[in-house]
Amino acid sequence: MKLLKSLSIGIATLTLATTVASADTLETTIKNGTLSCGLSTGLPGFASPDSNGVWKGIDVDECRAVAAAVLGDANKVKYAHLNAKERFTALSSGEVDVLSRNTTWTATRDSSLGVNFAGVNFYDGQGFLVKKDLGVKSAKELDGATFCIQAGTTTELNLTDYFKANKMQYTPITYDTSAQTIEGFKAGRCDALTSDSSQLYSLRTTLKDPSSTIVLPEIISKEPLGPVVRQGDDKWFNIVKWSHIALLNAEELGVNSKNVDEMLKSNNPAVKRLLGVTGDIGKNLGLDPKWAYNIIKQVGNYQEIFDRNVGKDSPLKISRGLNKLWKDGGLQYGAPIR
């Protein structure tokens with residue numbers, strides 16, 4: 001009962017905050033000259049600082065794409081680093097205008113928190129990371145295990161469902177951030193770490209000896225991750241949504257950061273519309289005709305973003321899998337720009 005009461009208060013607070021932060025986000029962003037973006041507190045491949053302290057990752061690039069579309073400059077982004085408990089309140093209160101923080105699209109979040117999911121930039125699923133000396137090769141062998149878990153995530157709920165369905169017991173140890181969770185695992189406070197499989201591969205690279213651990217084969221959930229905006233500002237929702245769709249169309253049409261200037265001369269009508277050579281897509285969105293050109297020139301297409309952050313050109317080496325384009329057997333599908 002106490003939990004339900006607490007949840008109701010939380011939803012009411014977020015609803016009130018949404019009302020407060022109902023201003024024209026496009027107008028505010030242009031006036032400020034900076035996009036306010038909510039990221040995680042640090043997750044290699046998705047959002048983490050490089051050796052120069054510059055934050056990079058697939059979630060960072062999602063915000064850079066929106067900044068390029070709106071402000072013509074992908075670097076005009078102010079980042080806020082949020083843990084799982086803080087993220088939705090920060091968005092609803094107006095502290096950030098886009099939440100790009102490996103956040104799973106669920107029915108409860110979509111229908112009760114006053115937010116809209118603007119697409120899926122990574123199709124993920126929950127997995128398990130264990131130390132090899134534990135001697136297990138399947139999640140079905142983890143009955144009685146102790147788990148390190150990040151609080152306030154769908155991970156907790158999925159783990160409960162999985163163990164209940166398989167009639168097994170476990171002991172959770174919860175933390176506020178990914179960094180704290182992995183530190184708990186490193187310190188031997190738990191037998192296993194469970195999270196989205198991409199996060200497990202990412203966190204594994206931070207271990208002193210990654211080869212001493214394995215990611216078990218089971219995937220126990222659907223975790224579609226993507227950018228989130230406040231409800232009540234459809235114009236801004238469209239901009240964030242179509243900025244992501246432009247990345248997918250660019251890959252499908254073979255337009256990338258290296259050839260985009262040459263592609264301005266293309267005779268392909270779809271390429272012409274994407275790059276603003278013809279049509280009124282930019283005007284309809286309230287943006288410059290070259291909104292998508294600016295995204296591709298400065299940030300790249302979806303393939304470039306995936307490969308350099310989490311794919312073959314990154315330390316993570318995650319395969320495209322479900323994140324291939326639809327025409328290649330994956331789930332990534334960019335609605336037509338016309």
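A residue that is open to solvent by 40 Å² or more (accessible area, probe 1.4 Å) and out of contact with any Pro (no Cβ under 9 Å at 6 or more places or on another chain) occurs somewhere in the range 190-198.
Conditions (1) assigned to a helix (DSSP H, G or I); (2) not β-branched (Val, Ile, Thr), marked per residue:
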{"residue": "VAL229", "(1), (2)": "no, no"}
{"residue": "TRP236", "(1), (2)": "yes, yes"}
{"residue": "LYS241", "(1), (2)": "yes, yes"}
{"residue": "ILE245", "(1), (2)": "yes, no"}
{"residue": "SER257", "(1), (2)": "no, yes"}
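Filtering the range 102-116 to residues that are over 26 Å from ASP209 (Cβ atoms) and either out of contact with any Lys or Arg (no Cβ under 8 Å at 6 or more places or on another chain) or open to solvent by less than 10 Å² (accessible area, probe 1.4 Å) (or both) leaves THR103, THR104, TRP105, THR106, ALA107, THR108, ARG109, ASP110, SER111, SER112, LEU113, VAL115.
Taking (1) more than 30 Å from ILE337 (Cβ to Cβ); (2) within 16 Å of the chain's Cα centre (by Cα); (3) part of a helix (DSSP H, G or I); (4) hydroxyl-bearing (Ser, Thr, Tyr) in turn, THR181 satisfies each apart from (2).
For the condition at pLDDT 95 or above, within 17 Å of the chain's Cα centre (by Cα) and open to solvent by less than 50 Å² (accessible area, probe 1.4 Å), what is the one hit in ASP73, ASP124, ASP59? Walk me through it before giving the result.
Details: ASP73 fails: within 17 Å of the chain's Cα centre (by Cα); ASP124 fails: at pLDDT 95 or above.
That would be ASP59, the only listed residue that is at pLDDT 95 or above, within 17 Å of the chain's Cα centre (by Cα) and open to solvent by less than 50 Å² (accessible area, probe 1.4 Å).
When the residues of the range 127-155 are narrowed to those that are assigned to a helix (DSSP H, G or I) and farther than 11 Å from ASP196 by Cα, which ends up least open to solvent (accessible area, probe 1.4 Å)?
Kept after step one, since they are assigned to a helix (DSSP H, G or I), are these residues of the range 127-155: 132-134, 139-141, 154-155.
Restricting the remaining residues to those that are farther than 11 Å from ASP196 by Cα gives 132-134, 139-141.
Values: LYS132: 108, ASP133: 137, LEU134: 68, ALA139: 1, LYS140: 113, GLU141: 97 Å².
Result: ALA139.
If the condition is being within 26 Å of LEU113 (Cα to Cα), open to solvent by less than 60 Å² (accessible area, probe 1.4 Å) and more than 19 Å from the chain's Cα centre (by Cα), then the range 156-178 contributes LEU159, TYR162, TYR175.
Do you know which of the residues in the range 251-284 that are surrounded by 13 or more Cβ atoms within 10 Å (Cβ to Cβ) and touching a Ser or Thr at 6+ places or on another chain (Cβ under 9 Å) is farthest from GLY119 (Cα to Cα)? Per the criteria, the residue is VAL277.
The values are calculated or read from the model by the stated rules, or taken from the named source; none is laboratory data. Being a predicted model, the structure only gives us computed values, none of them experimental. Neighbour counts run over all protein chains shown; Cβ positions are idealised from the backbone, glycine included. Only protein heavy atoms, including side chains, enter the accessible area calculation; ligands, DNA and RNA are left aside. Shrake-Rupley method; radii C 1.70, N 1.55, O 1.52, S 1.80 Å.
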